[in-house]
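Report on one structure; see the data block that follows.
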Amino acid sequence: MSEGSGSDERAVRRTGSDDSAVRRNGRGQGRRGEQPMVPEATFDSYYGKPVLNPPVWEPRDIAGYLFLGGLAGGSSALAGGAHLTGRAQLARTSKIGAAGAGLLSLAALVHDLGQPERFLHMLRVFKVTSPMSVGSWLLAGYVARAGITAGSAVTGRVPRIGAAATAGAAALGPAVASYTAALISDTAVPAWHDGHREMPYVFVGSAATAAGGLGLLGTPLDQQGPARALALLGVAGELGVFERMKKRMGLVGEPYSAGRGGRLIHAGEALSLAGAVGAVLGRRNRLASALSGAALLAASVATRFGIFHAGMDSARDPRYTVGPQRERLAARAAGDHAPTVMR
C-alpha cells in the first residue's frame, strides 16, 4: 500500500468521513466534500471553569448598597420638592430616610472593602474615567449633605444651613441614584455590561419607586401627592425600560428571567404592580396607602437583588460570554463580505 493511501485511511479514522470523500479530496485541501476534523465548539472551558471570574462581592453588601443608594438619591430629590412646596411632614420623612439610607449604603460599601482605610484611599485621587472613583467622591459629598439636612429637620436648628444642604442633596440625588448602574455596567459581567444603555434608567425608576414608597409609608394622606406621583412614574419607567432592555439583549438577558435573579425580578414586578394599584386605590385610606408604600419598597429591594444575582449567574455560565462573541464575529464577517455599492 502506498504512503498516500495510508494517509487517506488515517484521515478517515480521524474525521469519520467515508472513503469516497477521501478519494475525491486527495489529502483534503479545503474542497467541498471535506469533513471537519475539529469537533464543533461547545460552551465549555478548561477544567470546567467559567470564562470569567465573577466579582468577589457579597450579595448582602453590594446588592444592599445598590438599593440603599437608590433610596437615598430618590428620597433627597423628593425631599427637595416637598421642602419647596411646604409639605413639612413629607420633607421630614424623606430627609431622614435619605440620610439613613445614605449612611447605610456607605457602610455596606466599606464593609465589602474589608477595611475602612480602603475607602479613604479611593478619595486620594479623582479619576473621571473611573465610575468607582467618581462614585466614591459623589457618595462622600452626598452623605455629608444628607446628614446635615436630616439633623436640621429633626432638631429644627440652623434652618438656613439645613435648607442649603437640602438643595445640595436634592441636586446630587439623581446622580447618587444612577451612578451605581454605571459602576456595574463598566464590568465584564455580561448581563450588566450588555445592559449599559438602559441600566441607568432602570436604576432611576427603581429609586423613584422606593422613594415614593417611603413617602407613602411615613406621611399623612394630605401630603402624599408628590410621593404617589413619583412612585407611579418610577414603576412605569422601570418596568417599561427593563422589558425593553431584556428584549434587546437577547441571549444575555436570559438570567433576568431565570434562576434566582429571575425569581427576584419577577417578585419585584409583582410587588411594583400591587403597590401602584394600592397607591391609586388607597389614596383615602391610610392603612392601604402604607401597605402600598411597603410593597413598593420591597419591590425595589427585590429588583436590585435580582439584578445582582442575574449578573453573577451570567458571569458563571460561558454561554453568555461566548455566544455574543460569536454573534459579533459573524456580523463582522458578514459586513466584510457585503458587496460594495458604487456611486
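Bear in mind that the values in this text are calculations on the coordinates, not laboratory data. Keep in mind the model is a prediction, meaning the values are calculated, not measured. Using ideal geometry, Cβ is built from the backbone for each residue, glycine included, and neighbour counts are taken over all protein chains shown.
So here's what we get for this one:
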read-out	value
Ascending count of other beta-carbon atoms within 10 Å, so fewest first, for S185, S133, S75, S257	S257, S133, S185, S75
Percent of Cα pairs exceeding the 23 Å cut-off, where the set is segment 59-315	48 percent
Added length on full extension, which subtracts the Cα-Cα distance from 0.36 nm per residue, R319 to E117	68.9 nm
Percentage relative contact order, segment 59-315, counting C-alpha pairs under 8 Å, at least six apart	22 percent
Cα centroid separation, segment 189-243 to segment 98-147 (Å)	23 Å
Computed magnitude of the charge dipole of segment 59-315 (debye, nearest 20; Cβ of K, R +1, Cβ of D, E -1)	660 debye
Paired Rg and Dmax values of segment 113-198, which use every Cα atom, in angstrom	15.8, 49
Overall Cα dimensions of segment 141-257, principal axis frame, Å, largest first	55, 32, 16
Segment 157-173 and segment 55-77: distance between their alpha carbon centers, rounded to Å	22 Å
Peptide ranges 232-239, 96-103 listed from the most packed, as the mean C-beta count within 10 angstrom indicates	96-103, 232-239
